[in-house]
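The values are calculated or read from the model by the stated rules, or taken from the named source; none is laboratory data. Please read all numbers here as calculations on a predicted model, not as lab measurements. Here the Cβ is made from the backbone with ideal geometry for all residues, glycine too, and neighbour counts use every protein chain on show. The protein model used for the area step is the full one, side chains on, heavy atoms only, and it has no ligands, DNA or RNA in it. Shrake-Rupley method; radii C 1.70, N 1.55, O 1.52, S 1.80 Å.
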Amino acid sequence: MEGMLKPGTFKGKTILITGGGTGLGRSMGKYLMELGANLVITSRKKEVIDKTAAELKELTGGRILSVPCDVRKYEEIEHLLNISEQEFGQIDGVLNNAAGNFISPTERLSHRAFDIIVDIVLRGTYYMTLAMGKRWIAKNHPGTFLNIVTTYAWTGSGYVVPSACGKAGVLALTRSLAVEWGKYKIRCNAIAPGPFPTEGAWSRLMPGDLASKFDPAKRIPLHRVGDHQELANLAAYLLSDFSGYVTGEVITIDGGEWLRNGGEFSHLEELPNEMWDQLEKSRAK
Ligand code: HXC
Ligand code: NAP
């Protein structure tokens, strides 16, 4: 899978990625650096982001700063933004990617378990958005937010209810601020990925032999999971000036998964051809 955008697309631009040390955040960050971006990555685990920063610097030769920050703590976000602006002068785009999730029947959850997920996903995103947005508005600096949600932000989903609530809130934030802050030249968009294998998601959402019992590829019209570069291409486009007239949008990248699973008759793909032959003969005239 190849990169899509022109080399140098992000030259002179600085992008901040929450949860940028692992998984999809790391993959999107690597591609942005390949396109010339200065990168700031953050998460709670200093050793993880420091290691990723060293690797991406080595791989791309670009500039990268790793700053630990828990996105649930507003003062830590302010500190992160201060250090980032000292290093790079300004931030041009924020990729709200940090999340927490696990599967569980909802009635088994403690209220603290519910809190922890909603706090990382929703509170973390609105804290980061508010802190960055105030700075962009005060400096009259255009900026772009890109928020990673999921397709169950609008369908809902059992067994991941705190995550569904959090992501639905993030989608509402995306659309609301796209309208309210358009006058400040601040764009807000979201991406809703289907399954893209990562250690973080797979270990929590498909623990044990769940992955073999419920192979996600089988539920997807394109019969495969996503490739990280496919997501990175879309993220880079939405963060770049090439998408300058796109705001308030959520783009799904899931191989057709959510539509298939909402379609009344989608399960008929399981019927063999012989059965279709029989049905054709016996169909009502
Ligand atoms: C039920 C659980 C639980 C589980 C923790 N808790 N894990 N409850 N099932 N599997 C409960 C605990 O009992 C506790 O409640 C409360 O949650 C806090 O747990 P801690 O372990 O103290 O929290 P912490 O160490 O801060 O870890 C946070 C975490 C962890 C969210 C639980 O998984 C994490 O750090 N996740 C970050 C990365 C991540 O989740 N990535 C996956 C994103 S994938 P009590 O009441 O006992 O105190 C994703 C994909 C979406 O979002 C769509 C896919 C298609
Ligand atoms: P991941 O590697 O576990 O990424 C989650 C990141 O969030 C981690 O780097 C984690 O780092 C960080 N994080 C968690 N809590 C934080 C906090 N309080 N403050 C700051 N950072 C925090 O999983 P992933 O699969 O790449 O997920 C990335 C994004 O894609 C998430 O928004 C997820 O919901 C979304 N998504 C993933 C899939 C998929 O199939 N993988 C599908 C749909 C949507 P620390 O633990 O160091 O804090």
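With a 1.4 Å probe and every protein chain left in place, work out the accessible area per residue of the chain in Å², rounded to a whole number.
Numbers: 14830 Å² over 285 residues.
In whole numbers, the chain has 52 Å² accessible per residue.
So who's got an amide H within less than 5 Å of the one on residue 144, skipping anything under 5 residues away but keeping other chains? H placed 1.01 Å off N, in plane.
Under 5 Å from the amide H of residue 144: 93, 94, 187.
How big is the dipole moment of segment 86-143 about its Cα centre under a simple scheme where the beta carbon of each Lys and Arg is +1, that of each Asp and Glu is -1, and everything else is neutral? Debye, nearest 20, please.
160 debye
How much net charge surrounds residue 35 when only other residues with a Cβ under 11 Å from its Cβ are counted (Lys, Arg +1; Asp, Glu -1)?
Neighbour charge sum, excluding residue 35 itself: +3.
Could you pull the accessible area for residue 183 with a 1.4 Å probe, rounded to 10 Å²?
Rounded to the nearest 10, that gives 140 Å².
Cα centroids of segment 23-73 and segment 163-202: how far apart, whole angstrom?
Centre-to-centre distance over Cα atoms comes out at 20 Å.
Output wanted: per-residue J couplings in Hz (rounded whole) for segment 8-22, from phi through Karplus 6.51 cos²θ - 1.76 cosθ + 1.60, θ = phi - 60°, x for Gly and Pro.
With the stated coefficients, segment 8-22 comes to x, 3, 9, 4, x, 9, 10, 10, 9, 10, 7, x, x, x, 9 Hz.
For the chain, what does the helix formula give at 222 nm: sum of -39500 (n - 2.57) over DSSP H segments with n ≥ 4, over the residue count, nearest 500 deg cm²/dmol?
Result for the chain, helices only: -13500 deg cm²/dmol.
Using only alpha-carbon positions, what ratio does the radius of gyration of the chain give when scaled by 2.2 N^0.38 Å?
Computed over Cα atoms of the chain, the ratio equals 1.08.
What's the magnitude of the charge dipole for segment 202-285 around its Cα centre, counting Lys and Arg as +1 and Asp and Glu as -1 at the beta-carbon? Answer in Debye, nearest 20.
Magnitude of the dipole: close to 260 debye.
Just to be sure I understand the rule: take each whole DSSP H helix in the chain, project its Cα atoms onto its long axis, keep it if the span is 18 Å or more and its mean Kyte-Doolittle hydropathy is at least 0.0. Which ones pass? Don't skip to the end; give the middle numbers.
On the way: long enough: 46-60 (21 Å, -0.48); 74-88 (21 Å, -0.69); 124-139 (23 Å, -0.14); 161-180 (28 Å, 0.85).
Helices passing the filter in the chain: 161-180.
Quick check: pseudo-label points 7 Å beyond the Cα along Cα→Cβ at residue 271 and residue 110, how many nm apart are they?
5.1 nm
Looking at 117, 205, 103, which one has the Cα that reaches farthest to the positive end of the dipole of the chain (charges on Cβ: Lys, Arg +1; Asp, Glu -1)?
The Cα lying farthest towards the positive end belongs to 117.
What FRET efficiency comes out for the pair residue 47/residue 87, r = Cβ-Cβ distance, R0 = 30 Å, nearest 0.05?
0.90
Using DSSP, restrict attention to beta bridges with both residues in the chain and report what percent are antiparallel, rounded to the nearest 5.
If I count the DSSP bridges inside the chain, around 0 percent turn out antiparallel.
Along the positive direction of the dipole of the chain (beta-carbon charges: Lys, Arg +1; Asp, Glu -1; about the Cα centre), which of 132, 24, 273 reaches farthest?
Going by the charge dipole, the pick is 132.
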